[in-house]
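Heads up: the structure comes next, in structure tokens.
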Amino acid sequence: MTTTDIRRIEEAYQQAKELYAKIGIDTEKVLETLERIRISIHCWQGDDVRGFENADGELTGGIQTTGNHPGRARNADELRADLEKALSLIPGTHKVNLHAIYAETAGEKVDRNQLKPHHFQNWVEWAKKHGLGLDFNPTCFSHEFSDEGLTLSHPKKEIREFWVEHCKASRRIGEYFGKELGIPCVTNIWVPDGFKDITIDKLGPRKRLQESLDTIFEEKLDENYNVDAVESKLFGIGSESYVVGSHEFYMGYSLKNNKVLCLDVGHFHPTETVSNKISSMALFLDKLLLHVSRPVRWDSDHVVIMDDELMEIARELVVNDLFDKTYIALDFFDASINRIAAWVIGTRNTIKALMRAMLEPTNTLKEAELSGDFTTRLALLEEIKSYPFGAVWDYYCLKKNVPVREAWLQEVKAYEKEVLLDRDHARGEEEGEPACSL
């Protein structure tokens with residue numbers, strides 16, 4: 001970037017700063033607040049949710065990744081390198097979200113109920129080096145004991161116990177992350193349990209799930225290091241008719257047991273919106289976890305874009321001052337486009353939406369609403385859409401030493417050419433097939 005480019009960005013920001021000041025917005029305070037927000041970036045976008053147990057294994061549990069873009073990460077070193085590249089293009093300091101299948105066992109066969117903190121030592125050392133936090137998830141899918149579509153609610157005691165022990169091990173790993181990094185780890189439990197067709201006994205599986213969760217949480221861990229969360233879903237592939245861990249189930253469980261409730265943007269009926277649930281849940285729960293994603297007709301985990309629902313979620317957090325009680329994480333996976341670009345697009349959009357919401361005259365809008373002046377409310381909401389939030393965003397990126405606007409795309413394309421395509425060439429040679437190319 002030239003000196004002239006930098007000067008133009010700074011001048012545009014100063015003009016925007018003055019304009020926003022006229023409606024009571026201090027852009028400097030907005031950027032200070034933005035810097036303190038850590039987004040939990042999901043590692044599984046980088047390798048299509050394959051993990052390191054069996055990189056060629058089939059995904060189960062209602063999860064599906066489509067596409068075959070070149071350069072999928074094949075091991076932990078490649079995945080961390082790709083994450084580093086993405087993080088270098090995203091303003092701020094954040095967290096990385098891991099699943100249990102990303103353990104590094106040095107070639108040893110370690111089943112999930114036997115995982116220990118030392119299997120994630122490399123991730124912790126890497127996070128320390130880059131000032132990152134780590135979040136964690138037990139992986140209750142893509143395993144021989146999840147083939148029947150049931151895990152913690154399975155009627156066979158031995159299978160339930162396997163998954164209970166896995167979740168217990170995951171919580172200890174989460175506590176290890178928190179102790180080592182000084183940043184609380186959110187350990188989120190989601191299971192794919194459900195049935196494809198008509199289900200007669202809906203209560204029985206939920207009783208078993210409740211009992212399994214109670215057993216998992218019996219061990220008291222330090223909440224300064226490990227934060228327990230539970231996540232619902234409406235349906236999945238293979239569980240179209242009945243899901244054991246529904247929203248109603250987990251809402252009740254989290255309220256009764258003081259657990260963090262995870263609201264995933266794609267895990268509800270298409271006519272429902274997570275943004276409209278946040279204020280209700282915030283009244284009754286101490287903490288919330290958001291999985292920011294983008295459903296298209298079903299829970300298809302598309303890359304986050306700057307759409308109305310993303311803005312409404314950001315607005316809810318800002319208007320109700322919920323940043324101290326909300327953990328923000330991403331959850332999408334797309335193999336049809338460059339995987340690093342997916343991370344960058346989704347994360348930058350999430351941060352940008354939060355910034356845009358902070359740049360709205362919230363107090364003025366609240367006052368107009370409270371007084372019944374709905375004309376002013378609507379007028380201001382519409383006019384603020386054309387305010388120069390882009391100039392503030394460009395300045396923030398410049399200040400955080402990341403590419404401004406679409407300049408990051410050239411770095412991603414260069415990385416694809418220099419690094420990612422070589423992976424596909426190597427894979428093609430190993431498999432005796434021609435490698436993918438652009």
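Considering Thr4, Thr66, the condition of being hydroxyl-bearing (Ser, Thr, Tyr), surrounded by fewer than 17 Cβ atoms within 10 Å (Cβ to Cβ) and assigned to a helix (DSSP H, G or I) is satisfied by Thr4 alone.
Residues Gly245, Gly236: which one is under 24 Å from Ile278 (Cα atoms), touching a helix residue (DSSP H, G or I) at 6+ places or on another chain (Cβ under 7 Å) and buried (at least 17 other Cβ atoms within 10 Å of the Cβ)? Step through it out loud before you land on a result.
Working: Gly236 fails: touching a helix residue (DSSP H, G or I) at 6+ places or on another chain (Cβ under 7 Å).
Of Gly245, Gly236, the one residue that is under 24 Å from Ile278 (Cα atoms), touching a helix residue (DSSP H, G or I) at 6+ places or on another chain (Cβ under 7 Å) and buried (at least 17 other Cβ atoms within 10 Å of the Cβ) is Gly245.
Taking the criterion of being small (Gly, Ala, Ser) and touching a residue at least 12 places away in the same chain (Cβ under 8 Å), the residues of region 20-42 that qualify are Gly24, Ser40. Residues that are basic (Lys, Arg), under 28 Å from Asp324 (Cβ atoms) and part of a loop (DSSP other than H, G, I, E, B) within region 7-42 comprise Arg36, Arg38, listed in sequence order.
Looking at Leu288, Leu213, Leu255, which one is within 30 Å of Gly182 (Cβ to Cβ) and either modelled with pLDDT under 95 or within 18 Å of the chain's Cα centre (by Cα) (or both)?
Working: Leu213 fails: either modelled with pLDDT under 95 or within 18 Å of the chain's Cα centre (by Cα) (or both); Leu255 fails: either modelled with pLDDT under 95 or within 18 Å of the chain's Cα centre (by Cα) (or both).
Criteria check complete, one pass: Leu288.
Contact map, region 320-341: first residue closer than 15 Å to Leu83 by Cα and touching a residue at least 40 places away in the same chain (Cβ under 8 Å), second residue surrounded by fewer than 23 Cβ atoms within 10 Å (Cβ to Cβ) and of a type in the set (Lys, Arg), Cβ cut-off under 6 Å, separation 6 or more or different chains; pairs are Ile340/Lys85.
The residue that is nearest to Ser146 (Cα to Cα), counting only those in region 185-202 that are surrounded by fewer than 21 Cβ atoms within 10 Å (Cβ to Cβ) and of a type outside the set (Asp, Glu), is Phe195. The conditions of being at pLDDT below 95 and of a type in the set (A, V, I, L, M) are met by Leu59.
How many residues does region 96-112 hold that are assigned to a loop (DSSP other than H, G, I, E, B), farther than 19 Å from Gly46 by Cα and not small (Gly, Ala, Ser)?
From region 96-112, those assigned to a loop (DSSP other than H, G, I, E, B) are 103-111; that's our starting set.
If we keep only those that are farther than 19 Å from Gly46 by Cα as well, we get 105-111.
From the residues that got through so far, the ones that are not small (Gly, Ala, Ser) too are 105, 108-111.
Summing the residues that are assigned to a loop (DSSP other than H, G, I, E, B), farther than 19 Å from Gly46 by Cα and not small (Gly, Ala, Ser) in region 96-112 gives 5.
Restricting region 216-246 to residues that are among the β-branched types (Val, Ile, Thr) and part of a loop (DSSP other than H, G, I, E, B), the residue that is farthest from the chain's Cα centre (by Cα) is Val244.
The number of residues in region 182-213 that are outside any loop (DSSP other than H, G, I, E, B) and either touching a residue at least 40 places away in the same chain (Cβ under 8 Å) or among the small types (Gly, Ala, Ser) (or both) comes to 15.
Touching a Pro at 6+ places or on another chain (Cβ under 7 Å), crowded, with 20+ Cβ neighbours inside 10 Å and among the aliphatic types (A, V, I, L, M): does that describe Ile351?
Numbers: touching a Pro at 6+ places or on another chain (Cβ under 7 Å): yes; crowded, with 20+ Cβ neighbours inside 10 Å: yes; among the aliphatic types (A, V, I, L, M): yes.
Yes.
When every residue of region 247-263 is checked against the conditions, none turns out to be touching a residue at least 12 places away in the same chain (Cβ under 8 Å), among the charged types (D, E, K, R) and in a strand (DSSP E or B).
Thr93 fulfils the conditions (1) more than 20 Å from the chain's Cα centre (by Cα); (2) under 21 Å from Ile37 (Cα atoms); (3) part of a loop (DSSP other than H, G, I, E, B) except for a single criterion, (1).
Those residues that are outside any helix (DSSP H, G or I) and touching a residue at least 60 places away in the same chain (Cβ under 8 Å), I need them from region 361-390; list them, please.
Selection gives Pro361, Tyr387, Pro388.
The values are calculated or read from the model by the stated rules, or taken from the named source; none is laboratory data. The structure displayed is predicted, hence computed values, not measured ones. Positions of Cβ are backbone-derived with ideal geometry, glycine not excepted, and every protein chain shown enters the neighbour counts.
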